[in-house]
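For reference, the structure discussed in these notes is given below.
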Amino acid sequence: MAKVAPYHTTSNENYPPTHRDVHHDHDDCKYGKDIKPWHRVSGTGNKPRCKECERLG
Ligand SMILES: [Zn+2]
């Protein structure tokens, strides 16, 4: 479990808001893990932080 550089996705492909409307910064986030590597974009994308990432710290 570790923090990683923030990433988000701009893909609408099959991703619910928990995945798409936020940015992730934890490598153990179950939502972030669902995002395919090729759908990941570096940075926060000006989106709020994922609740699951927040919970994981
Ligand atoms: Zn997350």
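Rule-based calculations on the coordinates, nothing more; no lab input. Keep in mind it's a predicted model, so treat the numbers as computed, not measured. FYI the Cβ positions are ideal-geometry reconstructions off the backbone, even for glycines, and counts take in every protein chain you see.
Residue count for segment 25-43 satisfying the condition of being surrounded by 18 or more Cβ atoms within 10 Å (Cβ to Cβ) and either in contact (Cβ under 8 Å) with a residue 60 or more places away in the chain or among the hydrophobic types (A, V, I, L, M, F, W, C) (or both): 2.
Counting only residues that are among the aliphatic types (A, V, I, L, M) and over 8 Å from the mean Cα position of the chain (by Cα), give me the helices (runs of 4 or more DSSP H) lying completely in segment 3-57 with at least 1 of them.
Details: elements: 17-20, 30-34, 51-56.
Here the list reads 51-56.
Name every residue in segment 8-34 that is over 17 Å from Gly57 (Cβ atoms) and either out of contact with any Ser or Thr (no Cβ under 7 Å at 6 or more places or on another chain) or within 9 Å of the ligand (Cβ to nearest atom) (or both), in order of residue number. Steps first, please.
Here is the first cut: in segment 8-34, the residues over 17 Å from Gly57 (Cβ atoms) are 8-21, 34.
Matches in segment 8-34: Thr9, Thr10, Ser11, Asn12, Glu13, Asn14, Pro16, Pro17, Thr18, His19, Asp21, Asp34.
May I ask you to list the residues in segment 3-20 that are under 14 Å from Glu52 (Cβ atoms) and exposed (fewer than 14 other Cβ atoms within 10 Å of the Cβ)? The answer is Lys3, Val4, Pro16, Pro17. List the residue pairs whose Cβ atoms are under 7 Å apart, where the first residue sits in segment 44-57 and is on the phi > 0 side of the Ramachandran plot, the second is surrounded by 15 or more Cβ atoms within 10 Å (Cβ to Cβ), and the two are 6 or more positions apart or on different chains. These pairs meet every condition: Gly45/His8; Gly45/His23.
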